Amino acid sequence: MTVNVVMIGVSTGGPVALKQLLGELPAGNAAFVVVLHVPAGMDDKVAKSLDAVCPMPVALARHGESLQAGRIYLAPAGLHLSLEGNNSRIALKEGPRVNFVQPSADVAMLSLSKPRGERLIGVILTGMGRDGAEGIRHIKSLGGVTFAQERASCAIYGMPKAAVETGAVDFELTPQAIRKKLGELLGGR
């Protein structure tokens, strides 16, 4: 069975926005990959705090791990995350910062390949800078559905603004409204 992939890029204000988005999202046929700009040592704390409020299990992504529907994978601090094997397996790599950050949402999103029956969804939430803008453009070019957090609900409207400026964002919504739309798109149960 193919697994839909929802890839989320987020930075400043991220833990709050992620709780609003994922906290009541029912598990559907999707794996959620979260790229949060967070310092080393904080990634595990964020994963545990999200796991405490999300109906789906949340854990730090591990190299070589296969994506499973109904799970949330958080990219570890200091490593770039990409998907391999037709979007089904996690690869973690060291490397130079991209958009001044590591992990980078662009690295993760640009690693996605043309879907083979699964749905690709890209989401850019609050944060400073441009990380994720090129990734959103790439997901849209693959036929994916794209979201950006709307300005008024952002702690910092940098990353969502850069994504919207690409012209490749389908929906600009609050995290709660994105959650509702994802539930419709993915058939949460």
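Side notes on the structure shown:
- If the condition is being assigned to a loop (DSSP other than H, G, I, E, B), small (Gly, Ala, Ser) and surrounded by fewer than 21 Cβ atoms within 10 Å (Cβ to Cβ), then region 39-89 contributes Ala40, Gly41, Gly64, Ala69, Gly70, Ala77, Gly78, Gly85, Ser88.
- Checking Val107 against (1) touching a His at 6+ places or on another chain (Cβ under 6 Å); (2) surrounded by fewer than 19 Cβ atoms within 10 Å (Cβ to Cβ); (3) of a type outside the set (Ser, Thr, Tyr); (4) not in a loop (DSSP other than H, G, I, E, B), the condition it does not meet: (2)
- Scanning region 14-29 for residues that are in contact with a strand residue (DSSP E or B) (Cβ under 9 Å, 6 or more places away or on another chain) and either assigned to a helix (DSSP H, G or I) or at pLDDT 95 or above (or both) yields Gly14, Pro15, Ala17, Leu18, Leu21, Leu22.
- Scanning region 1-13 for residues that are within 17 Å of Tyr157 (Cβ to Cβ) and not in a strand (DSSP E or B), we see that the one that is nearest to the chain's Cα centre (by Cα) is Ser11.
- In region 119-136, the residues that are more than 16 Å from Arg97 (Cα to Cα) and surrounded by fewer than 20 Cβ atoms within 10 Å (Cβ to Cβ): Arg119
Conditions (1) modelled with pLDDT of 95 or more; (2) touching a Leu at 6+ places or on another chain (Cβ under 9 Å), marked per residue:
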{"position": "Asn86", "(1), (2)": "no, no"}
{"position": "Pro96", "(1), (2)": "yes, no"}
{"position": "Leu110", "(1), (2)": "yes, no"}
{"position": "Gly117", "(1), (2)": "no, no"}
{"position": "Ile124", "(1), (2)": "yes, no"}
{"position": "Gly129", "(1), (2)": "yes, no"}
{"position": "Gly143", "(1), (2)": "yes, yes"}
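The values are calculated or read from the model by the stated rules, or taken from the named source; none is laboratory data. No experiment lies behind these values; they were computed from the predicted model shown. Neighbour counts run over all protein chains shown; Cβ positions are idealised from the backbone, glycine included.
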